[in-house]
Structure formats: structure tokens, C-alpha cells
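Some notes on the structure that comes next.
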Amino acid sequence: VAVKYPDDFREESLAGREISFTISIKDVRQKRLPAVDDDFAKACGPFETMLDLRVRVRNGLEGRAKSWARGRLEEEIVREIIERNPFELPECLMEDRLRTMFWRSTLPQEAAAGQGSQGAPPEPPEDLEVPEEFANVYRPVVEHQLKAGLLLGKIAEKHGTEVTKEDIEARVGQIAE
């Protein structure tokens, strides 16, 4: 095999030269996919047959699709509620949330999630300056979150909706699943 090196090749002794190499093929291999049968299903987990594996995969995909669709619907409803109920948020509330969000983005993941020795994420210092680029990107997100929380809280209050311990446990179970 003849290889022509470019004139600006990083190794000066090879730059601009054409060199011949002799190559010997010692082995040719081809990856073979396993047969998709009951033995494959058993190797993938606690499945006896390929049908069991297919049912499990299909149910998982359908469950994720339903969950995604429900999440989209919920988000559209929240967006519509916010649009139909315009109000201004206090700037100090927005700044506080932005400062907290920025502060947590700078912490190790465990501390930001409140998994440290104290159990809750640390609070940001009062004099913490939020970079303008960060604020510009996250201000709309923070505004949406705050408005959604306030409006949904009012709706729940108006309709006497309360979250029970069982509701929380059920939701945690869904998330874990």
C-alpha cells in the first residue's frame, strides 16, 4: 500500500514523501447477531419465551408513550392556565429563584439534590451575583415555574384539593417504576 503524506505533515521526516507499506491479513472476523429466539429471551432476563420478552418490551414502550403524552397534555394545560391568568411576579421573587437555581447549578449533584449530611440543599449567599447570560436563559423558565406553582396552588385551594400521604407514595412509586 502506497501512502502519500501531505507536505505539512506533523512529522517532518515523512512530510511530502510517499512510502510503501506491506500489509499481511492474519484474520477476518464478522460479528454475528444472536438468533432472536427463546434462548435469547432467557439471556435477556427473567423471560421464558420470546413472546414474554416482546410483551414486556411492548408494555414498556406503550407505558412510556402514554406517560409522555400525559406530560405533554399537562404542560399544555398549565401553559393555557398561565396565558389566561396573566399577572406580574415580584422581581425579588424572580431574583431569589434565579439565585437559588444558579447556586445549585454550581454545587456537586448530591448537595444540589439535598442528599448531603444536612438533608436539604444549602441556601445561596445573599450577595451571590447571577451572571447575566444565566439569567437571560433561565428567567422564562423560572417565571413559568413560579406562575404555574402559584396558579395551581390557588386552583387546588379553591377546589379543596389536598394531597394525601397515599397520593405521595403512589406518585413516588410511579416515578420509581
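The residues of region 7-39 that are surrounded by 10 or more Cβ atoms within 10 Å (Cβ to Cβ) and outside any strand (DSSP E or B), listed by number, are 9, 14, 15, 16, 17, 36, 37, 38, 39. Scanning region 124-151 for residues that are exposed (fewer than 13 other Cβ atoms within 10 Å of the Cβ) and farther than 16 Å from residue 95 by Cβ returns a single hit, 149. Does at least one position in region 85-103 carry a residue that is outside any helix (DSSP H, G or I), at pLDDT 95 or above, among the hydrophobic types (A, V, I, L, M, F, W, C) and open to solvent by less than 100 Å² (accessible area, probe 1.4 Å)? So far as region 85-103 goes, yes, one or more of its residues are outside any helix (DSSP H, G or I), at pLDDT 95 or above, among the hydrophobic types (A, V, I, L, M, F, W, C) and open to solvent by less than 100 Å² (accessible area, probe 1.4 Å). If the condition is being open to solvent by less than 100 Å² (accessible area, probe 1.4 Å) and assigned to a helix (DSSP H, G or I), then region 164-177 contributes 167, 168, 170, 172, 173, 176. Only residues that are of a type in the set (Phe, Trp, Tyr) and in contact with a strand residue (DSSP E or B) (Cβ under 7 Å, 6 or more places away or on another chain) were counted in region 6-37, giving 1. Within the span defined as region 152-163, every residue fails to be under 30 Å from residue 83 (Cβ atoms), aliphatic (A, V, I, L, M), within 21 Å of the chain's Cα centre (by Cα) and open to solvent by 50 Å² or more (accessible area, probe 1.4 Å).
Would you confirm whether or not region 44-52 contains a residue that is of a type in the set (Gly, Ala, Ser) and either part of a helix (DSSP H, G or I) or at pLDDT 95 or above (or both)? Looking through region 44-52, none of the residues is of a type in the set (Gly, Ala, Ser) and either part of a helix (DSSP H, G or I) or at pLDDT 95 or above (or both). Of all residues in region 1-30, none that is in contact (Cβ under 8 Å) with a residue 60 or more places away in the chain has its Cβ atom under 7 Å from the Cβ atom of a residue that is assigned to a loop (DSSP other than H, G, I, E, B) and surrounded by 10 or more Cβ atoms within 10 Å (Cβ to Cβ), 6 or more apart or on another chain.
Among the residues of region 66-76, the one identified as surrounded by 11 or more Cβ atoms within 10 Å (Cβ to Cβ) and closer than 18 Å to residue 155 by Cβ is 75. Residue under question is residue 58, and the condition is that it be open to solvent by 100 Å² or more (accessible area, probe 1.4 Å), at pLDDT below 95, on the phi < 0 side of the Ramachandran plot and out of contact with any Lys or Arg (no Cβ under 6 Å at 6 or more places or on another chain); does it hold? The answer is no for residue 58.
The values are calculated or read from the model by the stated rules, or taken from the named source; none is laboratory data. Keep in mind the model is a prediction, meaning the values are calculated, not measured. All Cβ positions, glycine included, derive from the backbone under ideal geometry; neighbour counts span all protein chains shown. Only protein heavy atoms, including side chains, enter the accessible area calculation; ligands, DNA and RNA are left aside. Shrake-Rupley method; radii C 1.70, N 1.55, O 1.52, S 1.80 Å.
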